[in-house]
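Trainee: Got a structure for you, questions after.
Computed from the coordinates by the stated procedures, all read-outs in this text should not be read as laboratory data. This is a predicted model, so every value here is computed, not measured. Here the Cβ is made from the backbone with ideal geometry for all residues, glycine too, and neighbour counts use every protein chain on show.
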Amino acid sequence: NAPLSELDPEIAAVLKDELGRQRDTLEMIASENFAPRAVLEAQGSVLTNKYAEGYPGRRYYGGCEYVDVAENLAIQRVKDLFGAEYANVQPHSGAQANAAALAAMIKPGEKIMGLSLAHGGHLTHGMKLNFSGKLYDVAAYQVEPDTFRIDMDKLRDQAIAEKPQVLIAGWSSYPRQLDFAAFRSIADEVGALLWTDMAHFAGLVAAGLHPSPVPYSDVVTSTVHKTLAGPRSGVILAKAEWAKKLNAAVFPGQQGGPLMHVIAAKAVAFKVAAGEEFKERQARVLEGARIIAERLNAPDVAAAGVSVLTGGTDVHLVLVDLRNSVLDGQQAEDLLHRVGITVNRNAVPFDPRPPMVTSGLRIGTPALATRGFGAAEFTEVGEIIAAALKGGADVDALGARVKALTANFPLYPGQEEW
Ligand code: PLP
């Protein structure tokens, strides 16, 4: 029964150092967030000990009476949150939710059509080294070279020519809203199912600040840990008629025992996401992204060859185009890291540089909004990033400005260790 610090001081030190890193830097990776303390508590609990293969009321193990309560709460809360007829809260991750969704919808060898990875899509939407690219026939669509947006007329022409069985709406790196009604109409026209992967923007949908794909899609998948700020995991929503196929595709199709501690933590996250504070926070997420996009699109930054893809953002992230900058994506990521800002380099569509280097940055605001940042702080963050990317700035002075921001917004206050 020894505490972690005694039993394994090396791992205890990792936790302490990571907590310090999260506290002392500005976390701007668009897919990250800070889970509330209550989510971490549920996740780090005795529920980790429980096997519960099957579904609530229909388990293959005894002793599931309490974990059934947790799973039923998670299911009901996420259905209410998104107005869905069916939910499966067992996927261990977004990728596994996606694997199960495809397995339920089509057979290996059938065709999927999603946004190309190089243009902002996700690995699981048909990348050739991923299960999705190996199991299914893939026709990827792209953004336009002049606008960097998806042209729905062209997408329609391509869908008519390719006749996919599944049309995929969703992205990991695209700064604009999708037109779900248009996706639905194209899917209907070509006889495809419509699958939306809202992993990135689910929190905005939950807050009512982004159109919902749920009424338009046959199946919707999401992660729970990005804008939704829950435990790292996945979830599937669908029309009721998909229940049997999706349940079977998750268990026994893809997974064994569900992670009941994570499912309990999902239930907590969905409760939080239904509240007013969450809505207010998502509004700050959007405002912050708009402020940063505007700053990085200003003439003084443009003079250094730095611009914002599509000229702005409708969501929680900003894509910075460095194709005309002296910095490549790797150098810009490293520079911001030295300042104390964590972002990820990201290929821009039609990127001339290799994927490990890239010509872009993806900058997200969800984690800082969770930390409490509002317009004034995001304005300062935009100034710091602009100064760094313009070149010639004093990195230590910028680092001191980052420290001032982190000091004013304590993360997990009162928590000595984790
Ligand atoms: N779908 C999209 C659109 C994503 O951006 C991601 C994660 O980056 C995933 C799925 C996969 O989620 P996970 O990392 O939990 O497997």
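Trainee: Using only the Cα atoms, what convex hull volume per residue in Å³ does segment 1-136 have?
Mentor: That works out to 199 Å³ per residue.
Trainee: Mind giving me the FRET efficiency for GLU241 and GLN177? R0 is 22 Å, r the Cβ-Cβ distance, nearest 0.05 is fine.
Mentor: Calculated transfer efficiency: 0.20.
Trainee: What is the distance in Å between the Cα centroid of segment 316-331 and that of segment 4-33?
Mentor: Between the Cα centres of segment 316-331 and segment 4-33 lies a distance of 27 Å.
Trainee: For segment 266-283, take each phi angle, set θ = phi - 60°, evaluate the Karplus expression 6.51 cos²θ - 1.76 cosθ + 1.60, and give the result in whole Hz per residue in order, putting x for glycine and proline.
Mentor: Computed from phi, the couplings for segment 266-283 are 4, 4, 5, 4, 5, 5, 4, 5, 7, x, 5, 4, 5, 4, 4, 5, 5, 5 Hz.
Trainee: Given R₀ = 30 Å, FRET efficiency for GLN330-TYR60 by Cβ-Cβ distance, to 0.05? Intermediate values should be presented prior to the final figure.
Mentor: Details: r = 48 Å, r/R0 = 1.61.
Efficiency at R0 = 30 Å is approximately 0.05.
Trainee: Percent antiparallel among DSSP beta bridges with both residues in the chain, to the nearest 5?
Mentor: Values: 19 of 34 bridges.
Percent antiparallel among DSSP bridges in the chain is about 55.
Trainee: While we're here: Can you put HIS119, HIS92, HIS125 in order, fewest other beta carbons within 10 Å first?
Mentor: So the residues, fewest neighbours to most, are HIS92, HIS119, HIS125.
Trainee: Next up: Name the shape class, rounded, prolate or oblate, that the alpha-carbon gyration tensor gives for segment 295-418, where a ≥ b ≥ c are the square roots of its eigenvalues, rounded holds for a/c under 1.5, and otherwise prolate holds if a/b is larger than b/c and oblate otherwise.
Mentor: Prolate.
Trainee: Just for segment 111-204, what percent of DSSP beta bridges are antiparallel, to the closest 5?
Mentor: 0
Trainee: While we're here: Just want the answer: with Cβ charges of +1 for Lys and Arg and -1 for Asp and Glu, which residue in GLY57, LEU335, ALA273 is farthest toward the dipole's positive end in the chain?
Mentor: Final value for the positive-end residue is GLY57.
Trainee: Return the Rg/Rh ratio of segment 76-145 with Cα-based radii and a Kirkwood Rh. Numbers along the way, then the final one.
Mentor: On the way: Rg = 13.9 Å, Rh = 13.3 Å.
That ratio is 1.04, to two decimals.
Trainee: Hey, for a label at ILE29 modelled as a point 7 Å past Cα toward Cβ, could you say which residues of segment 232-262 have their backbone N under 15 Å away?
Mentor: So the set is 232-233.
Trainee: Report the charge-dipole magnitude of segment 83-155 in Debye, nearest 20, computed about the Cα centre from +1 at each Lys and Arg Cβ and -1 at each Asp and Glu Cβ.
Mentor: It works out to roughly 300 debye.
Trainee: So if I place +1 on the C-beta of Lys and Arg and -1 on the C-beta of Asp and Glu, and nothing else carries charge, what would the dipole magnitude of the chain be about its Cα centre? I want it in debye, nearest 20.
Mentor: 700
Trainee: Just TYR174, TYR66, TYR51 to compare: in a GNM of the chain, with alpha carbon springs under 10 Å, which one fluctuates most?
Mentor: Most flexible of the set in this elastic network: TYR66.
Trainee: What ranking do HIS225, HIS210 get, fewest neighbouring Cβ atoms within 10 angstrom at the top?
Mentor: The most exposed by this proxy come first: HIS210, HIS225.
Trainee: Projected onto the charge dipole of the chain (+1 at Lys/Arg Cβ, -1 at Asp/Glu Cβ, origin at the Cα centre), which of VAL250, VAL262, HIS119 gives the Cα projection farthest towards the positive end?
Mentor: VAL250
Trainee: Once you wrap a convex hull around the alpha carbon atoms of the chain, what is its projected area averaged over all directions, in nm²?
Mentor: Mean projected area of the Cα convex hull: 20.5 nm².
Trainee: Now for a different question. Assuming R0 = 25 Å, what is the FRET efficiency of LEU4 and ASN49, from their Cβ-Cβ distance, to the nearest 0.05?
Mentor: Details: r = 17 Å, r/R0 = 0.66.
After rounding to 0.05, the efficiency reads 0.90.
Trainee: Rounded to the nearest 20 debye, what is the charge dipole size of segment 181-266 about its Cα centre when +1 sits on each Lys and Arg Cβ and -1 on each Asp and Glu Cβ?
Mentor: 320
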